[in-house]
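A.B. asks: Sharing a structure below in structure tokens format, with a few things to ask.
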Amino acid sequence: MTIRVTVWNEYRHEHQNEKVRAIYPEGIHTTISSFLRAAGIEARTATLDEPEHGLTDTVLANTDVLIWWGHMAHDDVRDEIVDKVQERVLDGMGLIVLHSGHHSKIFRRLMGTSGNLKWREANERERVWVIEPGHPIAEGLGEHFVIPHEEMYGERFDIPTPDALVLVSWFEGGDVFRSGCCFQRGRGRVFYFRPGHETCPTYHQPEVQRVITNAVRWAAPHTIASAPVVNVTEPLEKIGG
Ligand code: ZN
């Protein structure tokens, strides 16, 4: 079955910063959707300034996995759209939150925590360690890979303990960070993936593309389960004989 992905990007840095535009001329969302399509995944894009942020009921109903990149405009995302995305995740849609999406409304809503962390923009080396090599998101990766220049995110990262922690980053400056975190929310799977600062060419790197592609396959709904029963119910067995 073809997986249907919607890549959402606030698409503001690319318009305002020449350096970012040089790395992602058609936006981060276009780069991500292109490598997903090359991997045989059906990928469309949506951006903040489209009507309903590009996330209409029809788009959400036809999305198996939503990818989220946001940074400077988290507050511009309307709450009623966040409500709908949350509802879809609880109903089984996968969600992959990238980099500065740690402070997005949808991630904070789903985690129930602040998403706060330490950061530093020093273009330092990041070594991403694969600590669960048997996890589907680690497929095809080595023991570790290096991103030559990235923004640093450091612990403590204010999230609930992940259901699975697949990737841990070490930074040149000495900090460490939980970079690849899996969560189950309702019937939906959520993956947070740290790398992807807008002034670094991170999403052009094959290992990073591999993680995101694997995460899409992992987060896609795997079973067509019926919705759980939530009303008052008669006993299945005779009570009290
Ligand atoms: Zn950043």
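The values are calculated or read from the model by the stated rules, or taken from the named source; none is laboratory data. Only a predicted model underlies this, so the values are computations on that prediction, with no experimental measurement involved. Using ideal geometry, Cβ is built from the backbone for each residue, glycine included, and neighbour counts are taken over all protein chains shown. To get the accessible areas, we keep the full protein, side chains included, count just its heavy atoms, and leave off ligands, DNA and RNA. Shrake-Rupley method; radii C 1.70, N 1.55, O 1.52, S 1.80 Å.
A.B. asks: What translational diffusion coefficient, in µm²/s and rounded to a whole number, does the Stokes-Einstein relation yield for the stretch 187-241 at 4 °C and a viscosity of 1.567 mPa s, taking the hydrodynamic radius as the Kirkwood radius over Cα pairs?
C.D. replies: Working: Rh = 15.5 Å.
Once the numbers are plugged in, D ends up at 83 µm²/s.
A.B. asks: Additional query: Hey, rough spin-label estimate for residue 62 and residue 1, points 7 angstrom out along Cα→Cβ, what's it come to in nanometres?
C.D. replies: 1.7
A.B. asks: With Kirkwood's inverse mean 1/r over C-alpha pairs for Rh, give me the Rg to Rh ratio of the stretch 83-174, two decimals please.
C.D. replies: On the way: Rg = 14.7 Å, Rh = 14.8 Å.
In the stretch 83-174, Rg relative to Rh is 0.99.
A.B. asks: Further question: For the stretch 48-204, what is the accessible area per residue in Å² when the probe is 1.4 Å?
C.D. replies: Values: 6300 Å² over 157 residues.
Here the per-residue accessible area is 40 Å².
A.B. asks: Here is a further query. Apply the Karplus curve 6.51 cos²θ - 1.76 cosθ + 1.60, θ = phi - 60°, to the phi angles in the stretch 132-142 and return the couplings in whole Hz, x for Gly and Pro.
C.D. replies: 10, x, x, 6, x, 6, 8, 4, x, 8, x
A.B. asks: Which trypsin sites (Lys or Arg not before Pro) from the stretch 1-106 combine a DSSP loop assignment with at most 15 other Cβ atoms within 10 Å?
C.D. replies: Values: sites: 4, 12, 19, 21, 37, 44, 78, 84, 88, 105; in loops: 12, 78.
Loop-located and lightly packed - 78.
A.B. asks: Relative contact order for the stretch 1-144 using alpha-carbon pairs under 8 Å, separation at least 6, rounded to a whole percent?
C.D. replies: Values: 182 pairs, mean separation 30.2, N = 144.
Computed value for the stretch 1-144: 21 percent relative contact order.
A.B. asks: Continuing with this model, one more query. Alpha carbons only, please: Rg and Dmax for the stretch 120-239, in angstrom.
C.D. replies: Cα-based Rg and Dmax for the stretch 120-239 come out at 18.5, 67 Å.
A.B. asks: Go ahead and run the numbers for FRET between residue 139 and residue 184, Cβ-Cβ distance against an R0 of 22 Å, rounding to 0.05. Spell out each step's value before the answer.
C.D. replies: Details: r = 20 Å, r/R0 = 0.89.
With a Förster radius of 22 Å, E is 0.65.
A.B. asks: With 22 Å as the cut-off, how large is the P(r) tail for the chain, expressed as percent of Cα-Cα pairs?
C.D. replies: Values: 15154 of 28920 pairs.
Counting pairs separated by more than 22 Å, the tail of P(r) holds 52 percent.
A.B. asks: Rounded to the nearest 20 debye, what is the charge dipole size of the stretch 1-119 about its Cα centre when +1 sits on each Lys and Arg Cβ and -1 on each Asp and Glu Cβ? Show your work: numbers first, answer last.
C.D. replies: Values: 13 positive and 17 negative charges, 95 e Å.
Roughly 460 debye, rounded to the nearest 20.
A.B. asks: Separate question: Based on DSSP, what percent of beta bridges with both residues in the chain are antiparallel, to the nearest 5? Walk me through the numbers before you get to the answer.
C.D. replies: Numbers: 25 of 44 bridges.
Counting only bridges with both partners in the chain, antiparallel ones make up about 55 percent.
A.B. asks: How many nm is it between the label spots at residue 132 and residue 119, if each spot is 7 Å from the Cα in line with the beta carbon?
C.D. replies: 2.5
A.B. asks: Based on the Cα coordinates of the stretch 1-51, what is the per residue volume of their convex hull in Å³? Don't skip to the end; give the middle numbers.
C.D. replies: On the way: hull volume 2.8 nm³, N = 51.
Cα convex hull per residue, to the nearest whole number: 55 Å³.
A.B. asks: Which ³J(HN,Hα) values in Hz, rounded to whole numbers, follow from the phi angles of the stretch 181-198 under the Karplus curve 6.51 cos²θ - 1.76 cosθ + 1.60, where θ = phi - 60° and Gly and Pro get x?
C.D. replies: With coefficients 6.51, -1.76 and 1.60, one gets 10, 9, 9, 10, 10, x, 9, x, 9, 10, 10, 9, 10, 5, x, x, 5, 5 Hz.
A.B. asks: State the extension gain, in nm to one decimal, for the chain segment bounded by residue 18 and residue 239, taking 0.36 nm per residue of separation less the distance between their alpha-carbons.
C.D. replies: On the way: separation 221, 0.36 × 221 = 79.56 nm, distance 7.06 nm.
So the extension gain works out to 72.5 nm.
A.B. asks: Tell me, what % of the accessible area of the stretch 114-221 is carbon and sulfur with a 1.4 angstrom probe? Before the final figure, lay out the partial values.
C.D. replies: Numbers: 2250 of 4380 Å².
Carbon plus sulfur share of accessible area: 51 percent.
A.B. asks: Arranged from highest to lowest average of other beta-carbon atoms within 10 Å per residue, in what order do the peptides 178-190, 158-170 appear? Mind dumping the intermediate values first?
C.D. replies: Values: 178-190: 20.4, 158-170: 17.5.
Taking the mean over residues of other Cβ atoms within 10 Å, the ranking is 178-190, 158-170.
A.B. asks: Further question: Where nothing but the Cβ of Lys and Arg (+1) and of Asp and Glu (-1) is charged, how large is the charge dipole of the chain around its Cα centre, in debye to the nearest 20? Write down the numbers at each step before the final one.
C.D. replies: Working: 25 positive and 34 negative charges, 79 e Å.
Around 380 debye, computed over the chain.
A.B. asks: Turning to a different aspect of this structure: Rounded to the nearest 500 deg cm²/dmol, what is the calculated helix-only ellipticity per residue at 222 nm for the chain, with -39500 (n - 2.57) per DSSP H run of length n ≥ 4? Walk me through the numbers before you get to the answer.
C.D. replies: Numbers: 7 runs with 59 residues, N = 241.
Only helices count here, giving -6500 deg cm²/dmol.
A.B. asks: Between residue 87 and residue 155, what is the label-point separation in nm under the 7 Å Cα-to-beta-carbon projection?
C.D. replies: That separation, rounded to one decimal, is 3.8 nm.
A.B. asks: What range in the chain is the longest one free of GluC sites (Glu not before Pro) that are in a loop by DSSP and have at most 16 other Cβ atoms within 10 angstrom? Spell out each step's value before the answer.
C.D. replies: Working: sites that count: 26, 139, 143, 155, 172, 237.
Longest run free of exposed loop sites: 27-138.
A.B. asks: Another question, if that's okay. Angle between the Cα long axis of helix 28-38 and the longest principal axis of the chain, 0 to 90 degrees, nearest 10?
C.D. replies: 70
A.B. asks: Can you compute 3J(HN,Hα) from phi for each residue in the stretch 84-91, using the Karplus curve 6.51 cos²θ - 1.76 cosθ + 1.60 with θ = phi - 60°, rounded to whole Hz and x for Gly and Pro?
C.D. replies: Coupling constants for the stretch 84-91: 5, 5, 4, 4, 5, 5, 4, 8 Hz.
A.B. asks: Tell me the angle of helix 206-219 to the major Cα principal axis of the chain, expressed in degrees between 0 and 90 and rounded to the nearest ten.
C.D. replies: Tilt relative to the chain: about 10 degrees.
A.B. asks: Follow-up. Please list, in chain and number order, the residues 5+ apart from residue 8 or on another chain whose amide H is under 5 Å from its amide H, with Hs placed from the backbone.
C.D. replies: 46, 67, 68, 69
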